[in-house]
Amino acid sequence: MENIPSTSASAGAAQPILVIDSVSKNFRIAGGGTFAAVKSVSLTVNAGEIVALVGESGSGKSTLGRIALGLMQPDEGSVTFDGTRLTGLPAEAFRTLRTRMQPIFQDPTASLNPRKTVRELLMQALWKQPGAGAARCTQLLEDVGLRPAARFIDRYPHELSGGQRQRVSIARSLAMEPRLIIADEPLSGADVSIRGQVLNLMLDIQKKHDVAYLMITHDISIARAFASRVAVMMKGELVEVGPAEEVLSNPQHAYTKRLVAAVPLLGGLTPASAA
Amino acid sequence: MTHTDNPGRESQAAPPLLQTEGLRVDYRTRNSTVTAVQDVSIIVRPGESVALVGESGSGKSTVARAMLGLLPDRIARITSGRIHLNGRDVTDFTPTQWESVRGHPVAMVFQDPLSYLNPVMRVGRQIAESVKRHDKATRDVPARVAELLELVRLPASTIRSYPHELSGGMRQRVLLAIALGCRPRLLIADEPTTALDVTTQAEILALLRDLRQRLGMAMLLISHDLGVVWEECERVYVMFRSRIVESGATQEVFARPTHPYTSGLILAAQAARDSNGRFVTIEGEYSTAQD
């Protein structure tokens, strides 16, 4: 593992980039009553760290991701990004700060404007950066593995494959030079053969630009292989947090045990025997 | 997980329940023709659990649809090869003839139950309709509906529910009850658990396993999930770009894949990282990513 899990031993060196502190969120239900989607959750992501937030549908993991991104206000608790408290921040200050924290969503088709070319989509993200032009677009595309960039820059989203579209949306997030990327199920629409490419790309970006990831996923095997730490959510609560390998090979909470046991594995097959 | 040493040994002699020989399906668009399936030969024998794995666009769902005469009219055409159901050549069946085999001997369940259930009809009536239509020997339909609900482990009160009131796992059970109402000898399951959470998926897979044993039903599982295939199926066919590239006993194929695409797929499915910490990818000739 290249990433140092933020255990107490290394806490001195680790610099928190995202601090979610006792965040709660209730939704009103049609016909009265409320639904507690997130119940007093605290989670920290350190600079350059990869944290996976796992759980099943309805566990509140996406709601927590949206709150962290400032797309939704928590009812209680606070979110602090890079030392600044987001909750209650004036709009202009929030917008500036927020550029350093970027989302990647599950469905790149839905998050890319179909009427804009790749160049226009990237320029949209670059407009506040003085001097940014075609050269920067080209570099971003090459960074996400769309080479040669000239072949892709004037295409519309529908002229790209699913994997390529996801790369464009990653390039657009990178344009802001983020310190944290919150990726909500970035792979669940992708075939296994494309999965590896996107994960490698995310690792490259982490190394080159020193970004941290909060990856929201339902896929236990990806969480284990990709993240250094994992947080398990169930019914709005965080039930277990710790180093990925430790939590997923030796789960302590009954729910984590059940979740891990339910994953159909290629049991008995080691990567070596499959090669 | 049970794997016999020689899967399907006793059923080897039994005539296949379903067989395709050199199947080829073309899709015709306004100005071009795309071959979605070519030279696909698949056999499923009574009681067997067989998987057809592949990634999106490999043609696996087209094969499943062709087997039930569900290819979109006018657009898709079987251009060569034969399909046999229960020893009968069904390749050139008319829509009416297809109706006589759909449900029994072969029924199908799909990934997204909601789009196959009538949203404004109570679940009990939908199951009853399937029984009345495909199982004419049954006199006491309400009793059979109750029995089917029990078989898929849904509470009896579910007959009064509408599909939207049920969870994803429960809807898939309803779809299963409808399929079982036809007393199929073979169930074609097209990604039946893909949209479900892992814990719900585990429940549905356990149910399918149990039903196959109790009813002696064969299953053809269409899936992209190698983990599920490994645990549930005795034999496997691997599809890549419209062709079967490898087939055999699941244990054998997964432990010693002979085709580079299969080995790449297995490594990728394990989310394996190499000694440099890189995730395994399928590159070059066998990559499904196109430019």
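Bear in mind that the values in this text are calculations on the coordinates, not laboratory data. Values in this document were obtained by computation on a predicted structure and should not be read as measured data. We place every Cβ from the backbone using ideal geometry, glycine too, and count neighbours over all the protein chains shown.
Worth pointing out:
- Using θ = phi - 60° in the Karplus curve 6.51 cos²θ - 1.76 cosθ + 1.60, the 3J(HN,Hα) couplings for region A:214-228 round to 10, 9, 8, 8, 9, 8, 5, 5, 6, 4, 5, 7, 9, 9, 8 Hz; x is entered for Gly and Pro.
- Taking amide H atoms as placed 1.01 Å from N in the peptide plane, the amide H of A:Leu53 lies under 5 Å from those of A:Met215, A:Ile216, A:Thr217, A:Ala231, each 5 or more residues away in sequence or on another chain.
- The slack between B:Arg160 and B:Asp26, meaning 0.36 nm per residue of separation minus the straight C-alpha distance, is 43.9 nm.
- Note on chain A: antiparallel DSSP beta bridges, both residues inside, total approximately 55 percent of the bridges counted.
- Peptides B:51-64, B:209-222 ordered by packing proxy, namely the average of other Cβ atoms within 10 Å per residue, highest first: B:51-64, B:209-222.
- Antiparallel DSSP beta bridges within the protein assembly as shown, as percent of all bridges there, nearest 5: 55 percent
- Of all DSSP bridge pairs formed entirely within region B:106-248, close to 35 percent run antiparallel.
- Ellipticity at 222 nm from helices only: DSSP H runs of n ≥ 4 in the protein assembly as shown, each -39500 (n - 2.57), divided by the residue count, give -9500 deg cm²/dmol.
- Whole-Hz couplings from phi, Karplus 6.51/-1.76/1.60, listed for region B:244-261; x for Gly and Pro: 7, 9, 7, 8, x, 5, 3, 4, 5, 5, 6, 7, 9, x, 9, 9, x, 5
- Using the Karplus relation 6.51 cos²θ - 1.76 cosθ + 1.60 with θ = phi - 60°, the per-residue 3J(HN,Hα) values for region A:118-134 come to 4, 4, 5, 4, 6, 4, 4, 6, 9, 4, 8, 9, x, x, 6, x, 4 Hz, with x marking Gly and Pro.
- Counted charge near B:Thr199, where neighbours are those whose Cβ lies closer than 10 Å (Asp, Glu -1; Lys, Arg +1): -2
- With a cut-off of 14 Å between beta carbons, the residues surrounding A:Leu126 carry a summed charge of +2, where Lys and Arg count +1 and Asp and Glu -1.
- For chain B, with +1 on Lys and Arg beta carbons and -1 on Asp and Glu, the positive-most of B:Ser32, B:Ala271, B:Cys233 along the dipole: B:Ser32
- Projected over all directions and averaged, the alpha-carbon convex hull of region B:106-214 occupies 6.2 nm².
- Separation of the alpha carbons by more than 32 angstrom is noted, of A:Lys61/A:Lys207; A:Lys39/B:Lys60; A:Lys116/A:Lys208; A:Lys39/A:Lys207; A:Lys25/A:Lys207, for A:Lys39/B:Lys60; A:Lys39/A:Lys207; A:Lys25/A:Lys207.
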